[in-house]
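Notes to accompany the following structure.
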Amino acid sequence: MGDRPRSTSRDLERYAGLFANRTREMKSSAMRDLMAITERPDVISLAGGQPDTSTFPPESYAGLMSRVAAESTARALQYGPTDGMAAVKDCIVEVMASEDMRVDPDDVLVTTGGQQVIDLMCKTFVDPGDVVVAEAPTYPGAVPSFGSYQADVVQVSMDADGMRIDELEALLERLEREGRRPKFVYTVPSFQNPAGVTMSLERRRRLVAIAHERELLVLEDNPYSLLRYEGEPVPTLQSLDGGNFVVYLGTFSKILSAGIRLGWAVAPAPIIEKMNLGKQGVDLCSSSMTQLFVAEYFRDGRWTDYVASLRELYRRRRDAMLDALAEHFPREAEWTYPQGGMFLWATLPDYIDTTDLLARALQDKVAFVPGRAAYLDGRGGSSMRLNFSGVGEDAIREGIRRIGKVVREQVGLYGTLTGAAPAAPAEQAERAADVIDLSGRRLASSWASLARTQGVGQSSGRPTPEDNAGGGQMPPDGGR
Amino acid sequence: MSRVAVLKGGRSLERQVSLRSGARVEDSLERLGHDVIAIDAGADLVERLRMSRPEVAFVALHGRDGEDGTVQELLELVGVPYTGSGVSACIRSNDKVLAKHAMRDDGIPTPDFYSFTQTAFRELGAAAALPAIEERLEFPIVVKPAGQGSALGIKFAGTAGDVPTALVSAFSYDDKVLLERHVPGRDLAVSVLDGEVLPIVEAVPVGEEFYDFEARYQIGRTEFVCPADLPEAVSAAAQELALRVFELLGLAGFARVDLMLERATDRLFVLEADTIPGLTETSLLPQAADAAGIGFDALIGRIVDGALARATA
C-alpha cells in the first residue's frame, strides 16, 4: 500500500476529463439524497411508485418457479432470442387483445422492463439536441433517459383531459418554422404518472390524426390502463392508429411483477428492427428465467383474476387517499382525481416549495415526491406526486394527515408573514376543517392548479443544469 | 494501531453525504492499518459504542445530531474520545446565529443579519419589522435556516415580495432563521487542520448565480480552484480570519470556515464555520489538504492522532 490515497480530488479531476458530455445530465442530487431518506422504514412513504407485490400468492410463485426450474433448466439458464421468446410474445398478444389491440408477434420486442423501451427509443431516434415532446409534468423516470441522450425536451401542458393538444399543435407549428422536427411525442395517456389524469378519446383521436398528418411518431407508455377503478376504458392510441405512427410501450410490472423486469415494445417493423439492434448492444436479451416464468404464469389463463384483485386493492387505497386529502389538506390545496393507476398530483399555493416542504415532512416521518422531479425546466415547485398503491389504507390516511399538518403550518405561517390571514395554530385549523362540509370539495379540481404550475405556453430551450435541478433525480420507481 | 468507530449516516438531511464521507474515511483508516467499526448512527448508537469499545470515534456525520453537539455529548457520556470539535464548540458553530453574534462581538467581519424564531412571527408580530430589516439590509437578502449545514433551504429574496416565501422555505428546516445581507463576490473556503491553515479553495459556480446544494456535491457544476488565485495579502487576511474564528468558537481538530470576498470593496466577510466539513471525493477540505501535500490518508491519520492526543492531554 503506497502513501498515496486511492482517490483524491486530483484523481477525480482526471476522470472528470474522460466522462462523456452526456454524463453532465446524469448526476446525483440533493433531491436524490432526500429521496433516499424517504426509504427509511419509520417513514410513511407516499413517494414510491411501487406496485404492491405482497398480495401475490407465495405458493403460486413457488409452484411456477419450481416448474420452470424442473422442466426448463437448460433454457432458463441460457441466452434467449434478442426479440424475446415466442411464448412470451403470445402472452403479450393476449394482454393487448384484452384492450382491443391486435398485434402481430413479429412486431413485438420483449424488453428488460418498459424502461428499456424509453431508452431504446432514444437510442434509435435521438441525436444530441433533437426535440422530444413530453407532457408537463412527465414521468420522472423518463427524464434521465432523455437527458442521457441529450434530447431537447419540450413539455406540453396538461389538464384534466390529458395533454393539451391545442398547445401541442402550436408547438409543432413553431418548431416547423424553426426547421426542427420532433423525433417523437412521449405520452402516458392513461392514469398518467405523475398527474393521474387520462387523455380523453377526442384528444387521442386528434393526436393520432396529427401524427398521421405530420408523420410524427408517438411513444405511448401504457403501464396502468388495466388498473381502472371506475369509468369506461378509452381506446389506446395504438388501437386508434393501427400501428403506423404509434410506438407502444407495455409492461408486466403493474399487472404481474416489477421484479421480473419484463416489458415490451410494439412498433412498425423498421423501427422494431432498429430497436432490436440497439437492444443487442445493451443486453443481448432479456432474462430467460423470468420469460419462462411469465409463459408458465399465463398458461392457466387466470392472469386477469390477479389484475382484478389489484384493481380492488388499489381502488380502496385511492379512495382512502381522496377522503384523507379532503379531510386534512387546507382549502388552498388542489388535487387530481385519478380513475385508475397509482398516483395523484396535488398542488399547493405557489409560496410553498415542496422540496423544502419534504424536508419538513420528513421530520414528521412522511414523504412524497416534490413536483420538480417531473419537470425539466424547474417548474412544479409547489406540486407533489402522491402514490396510493404502495402502502395500506391506514398508512395512507396517517401519511396524508401528517402532510396536511405541515402544509397547514406553512399556510398559516405565510398568512402571518404577509398579514393575509390570521395565524391559525395547526390544531385549531384542523378543528375548523372538521366543521366544514368537505363532501366533494376540491375533488376533481378544475385543474386550475396544474395549469398554474405550467405557466403560459411551452417551455423550450436546452435544459441547463440549473433547470434540471431535481429533474429526473428519483429512483426509477413507478417505472416500467 | 487503534480500534476506530466511524460514525456516519444518521437521520439528518445530509445522511447520504455523510455515508459517502464515512465510507471514504473507513477505506482510509483500513489502509492505515486501523481496526474499523462502521456505525450508522441510529437508535442503537450508545449500545453499539458500549459493546464495541472503540479507542476513538471518527465522527463523519453531517448536519443535525452530528454537528450540533448531540452525538459529541453522547460520546462524552460513554467515554469515547472523538475527532473534531467538542460539545460547546459544535453548538456555537452549528447555530449560525450564535456563531455570527460571537464573531460580531469579537470584531470579526460577518455580513449584517437579523434572526427570528417562528414564535417571533406567530406570536410577537415580527412580520411588522420586516420592512425595516429589508431597508437596512438591502436586496437581495439571503434567507437561511439557522442550523442547516448545507445550502438546503437557503433562498435569495430579490424583492420584498420574495421574503415571506423564502422564510416559509427556511422555516421548513429550523425554527430559527436569519436574514443576511448578500455579499456579492468570490466564495472562499479556508480549511483548518490542527490549528494550521490550509490553502484556500475558491468555489466558482459554472454558469449559475448561486452556489447551491446541488453543486456542492457534484462534479462539473462547480469549478474549484485551489490554491485560490488571490493577492497574497488577501490570502493571508482570509487565513488569519479563519484561524481567529477557529479559536473564537473553540473548534478542535479540523474545520472549514466559509468567507466571501466582496467584489466591490475587496473586504472579507465570514459566513460560517463548518465543524465537520465533507470528506467526499468533491469536498473542499480534502482538496485543500491535497494542495498542501497532505494526501487523504495522511489527513485522516492526522485527524485521528489529534483526537487521541487531546484525549490523553
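If you scan the range B:1-18, which residues turn out to be over 15 Å from B:VAL71 (Cβ atoms) and facing another protein chain (nearest Cβ under 10 Å)?
Across the range B:1-18, the qualifying residues are B:LEU13, B:GLN16, B:VAL17.
To keep it simple, each residue is scored yes or no on (1) closer than 21 Å to A:ASN276 by Cα; (2) in a helix (DSSP H, G or I).
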| residue | (1), (2) |
| --- | --- |
| A:GLU94 | no, yes |
| A:ASP100 | no, no |
| A:GLY113 | yes, no |
| A:GLN116 | yes, yes |
| A:LEU120 | yes, yes |
| A:LYS123 | yes, yes |
| A:GLU135 | no, no |
| A:THR138 | no, no |
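Cβ-Cβ below 9 Å, separation at least six or inter-chain, first residue in the range B:22-48 and within 12 Å of chain A (Cβ to nearest Cβ) and hydroxyl-bearing (Ser, Thr, Tyr), second crowded, with 18+ Cβ neighbours inside 10 Å and part of a helix (DSSP H, G or I): which pairs?
Close Cβ pairs (under 9 Å, with a partner that is crowded, with 18+ Cβ neighbours inside 10 Å and part of a helix (DSSP H, G or I)) amount to B:SER28/B:PHE296; B:SER28/B:ASP297; B:SER28/B:LEU299; B:SER28/B:ILE300; B:SER28/B:GLY301.
Picking from A:GLY412, A:GLY341, A:GLY378, which residue would you name as being more than 9 Å from chain B (Cβ to nearest Cβ) and surrounded by fewer than 24 Cβ atoms within 10 Å (Cβ to Cβ)? Don't jump to the end; show me each part of the working.
Numbers: A:GLY412 fails: more than 9 Å from chain B (Cβ to nearest Cβ); A:GLY341 fails: surrounded by fewer than 24 Cβ atoms within 10 Å (Cβ to Cβ).
The unique qualifying residue is A:GLY378.
If a residue has to be in a loop (DSSP other than H, G, I, E, B) and either within 26 Å of the chain's Cα centre (by Cα) or exposed (fewer than 14 other Cβ atoms within 10 Å of the Cβ) (or both) to count, how many in the range A:48-81 make the cut?
Total satisfying the criteria: 10.
Quickly run through the range B:158-179 and pick out the residues that are surrounded by 23 or more Cβ atoms within 10 Å (Cβ to Cβ) and not in a helix (DSSP H, G or I).
B:PHE171, B:SER172, B:TYR173, B:VAL177, B:LEU179
Return a yes/no flag: does the range B:129-152 have any residue that is under 29 Å from B:ALA255 (Cα atoms), over 17 Å from the mean Cα position of the chain (by Cα), within 12 Å of another protein chain (Cβ to nearest Cβ) and at pLDDT below 90.
For the range B:129-152, residues under 29 Å from B:ALA255 (Cα atoms), over 17 Å from the mean Cα position of the chain (by Cα), within 12 Å of another protein chain (Cβ to nearest Cβ) and at pLDDT below 90: absent.
Can you tell me which residues in the range B:279-298 are in a loop (DSSP other than H, G, I, E, B) and either facing chain A (nearest Cβ under 9 Å) or surrounded by fewer than 20 Cβ atoms within 10 Å (Cβ to Cβ) (or both)?
Step one: of the range B:279-298, the residues in a loop (DSSP other than H, G, I, E, B) are B:279-283, B:292-295.
B:GLU281, B:THR282, B:SER283, B:ALA292, B:GLY293, B:ILE294, B:GLY295 - these are the residues of the range B:279-298 that are in a loop (DSSP other than H, G, I, E, B) and either facing chain A (nearest Cβ under 9 Å) or surrounded by fewer than 20 Cβ atoms within 10 Å (Cβ to Cβ) (or both).
For A:PRO144, which of the numbered conditions (1) within 23 Å of A:PHE252 (Cα to Cα); (2) in contact (Cβ under 8 Å) with a residue 60 or more places away in the chain; (3) buried (at least 24 other Cβ atoms within 10 Å of the Cβ) fails to hold?
Against the list (1) within 23 Å of A:PHE252 (Cα to Cα); (2) in contact (Cβ under 8 Å) with a residue 60 or more places away in the chain; (3) buried (at least 24 other Cβ atoms within 10 Å of the Cβ), A:PRO144 comes up short only on (3).
Can you say whether B:ALA146 is in contact with a strand residue (DSSP E or B) (Cβ under 6 Å, 6 or more places away or on another chain), free of Cβ contacts under 8 Å to residues at least 24 places away in the same chain and crowded, with 21+ Cβ neighbours inside 10 Å, as far as the supplied structure shows? Spell out how you get there, then give the answer.
Numbers: in contact with a strand residue (DSSP E or B) (Cβ under 6 Å, 6 or more places away or on another chain): yes; free of Cβ contacts under 8 Å to residues at least 24 places away in the same chain: no; crowded, with 21+ Cβ neighbours inside 10 Å: yes.
Taking the combined requirement at face value, the residue does not satisfy it.
Across the range B:15-32, what is the number of residues that are under 17 Å from B:GLY295 (Cβ atoms) and crowded, with 21+ Cβ neighbours inside 10 Å?
Going through the range B:15-32, the residues under 17 Å from B:GLY295 (Cβ atoms) turn out to be B:21, B:24-32.
Pick out the ones that are also crowded, with 21+ Cβ neighbours inside 10 Å and you get B:21, B:24-25, B:28-29.
Matching residues across the range B:15-32 total 5.
From A:ALA258, A:ALA295, A:ALA265, A:ALA269, which residue is of a type in the set (Gly, Ala, Ser) and either touching a strand residue (DSSP E or B) at 6+ places or on another chain (Cβ under 6 Å) or buried (at least 24 other Cβ atoms within 10 Å of the Cβ) (or both)?
Of A:ALA258, A:ALA295, A:ALA265, A:ALA269, the one residue that is of a type in the set (Gly, Ala, Ser) and either touching a strand residue (DSSP E or B) at 6+ places or on another chain (Cβ under 6 Å) or buried (at least 24 other Cβ atoms within 10 Å of the Cβ) (or both) is A:ALA265.
Conditions tested, residue by residue: (1) within 22 Å of A:ALA374 (Cβ to Cβ); (2) more than 16 Å from the chain's Cα centre (by Cα); (3) in a helix (DSSP H, G or I).
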{"site": "A:GLU173", "(1), (2), (3)": "no, yes, yes"}
{"site": "A:ARG180", "(1), (2), (3)": "no, yes, no"}
{"site": "A:GLU202", "(1), (2), (3)": "no, yes, yes"}
{"site": "A:PRO223", "(1), (2), (3)": "yes, no, no"}
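The values are calculated or read from the model by the stated rules, or taken from the named source; none is laboratory data. Fair warning: this is a prediction, and the values are worked out from it, not measured in the lab. Virtual Cβ from ideal backbone geometry, glycine too; neighbours counted across all protein chains shown.
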